[in-house]
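The values are calculated or read from the model by the stated rules, or taken from the named source; none is laboratory data. Just so it is clear, the model here is predicted, and its values are computed rather than measured. Because the Cβ atoms are built from the backbone with ideal geometry, glycine has one as well, and the counts that use them run over all protein chains shown.
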Amino acid sequence: LAPDARREEVAAAGGSACKRFLTNQSNGKEAATALLKVMQEDLPAESFGEADVAVGRTKVFLKADIYRTLEDWRRRALVPVAIRIQSHVRGFETRKVMRVVLACNRALRRACAEAGAMEVVGVRPLREDVRRATLMEASLATMDANLGTAGDIERKHLLVL
């Protein structure tokens, strides 16, 4: 059977191939022999033969060519899983940074709106001018703090890349 068909067969049986072989066999040697039979079905016929494998009481001995073939299969099987894990981690990190960026953006917009609402129209009493100047200064301080946070995020993001 092809590896994909074999995988579907194992999934239909309910559980992984290794677990099924280990639970159905009475000892390790029988489990290793059963697993080798499945590997012979999955691997190309010319790359796997009886002369290439020896099953001992506690170990399975493989020739170097078979070992390299199995390692290559293992490496290829891990690639999609590694890519999926990396994409989840990168997505999480991006969402975490974007939460801070969006909060900073909202705060900057709020501060700009407050600063824009304080236009000078006509002559006002000195008390109102002082109050307006204080509010403007507070808005500018808020904007400055938020821009500093945005700069920190940008520097941190550039260091990560």
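Looking only at residues of region 97-127 that are loosely packed, with under 10 Cβ neighbours inside 10 Å and part of a helix (DSSP H, G or I), we find that the one that is modelled with the lowest pLDDT is LEU126.
Taking first residues from region 92-111 that are without any contact (Cβ under 8 Å) to a residue 60 or more places away in the chain and of a type in the set (Gly, Ala, Ser) and partners that are assigned to a helix (DSSP H, G or I) and surrounded by 12 or more Cβ atoms within 10 Å (Cβ to Cβ), the Cβ contacts under 6 Å between residues at least 6 apart in sequence or on separate chains come to ALA107/ASN146; ALA111/SER139; ALA111/THR142; ALA111/MET143.
Here VAL38 passes the criteria (1) surrounded by 11 or more Cβ atoms within 10 Å (Cβ to Cβ); (2) within 30 Å of LYS156 (Cα to Cα) except the one numbered (2). Given (1) of a type outside the set (A, V, I, L, M); (2) outside any helix (DSSP H, G or I); (3) not assigned by TED's automatic domain parsing to the domain that holds LYS29, where does THR69 come up short, assuming only one miss? THR69 satisfies every listed condition except (2). Counting just the residues of region 41-72 that are surrounded by 15 or more Cβ atoms within 10 Å (Cβ to Cβ) and not aliphatic (A, V, I, L, M), which one comes out modelled with the lowest pLDDT? Ranking the candidates gives PHE48 first.
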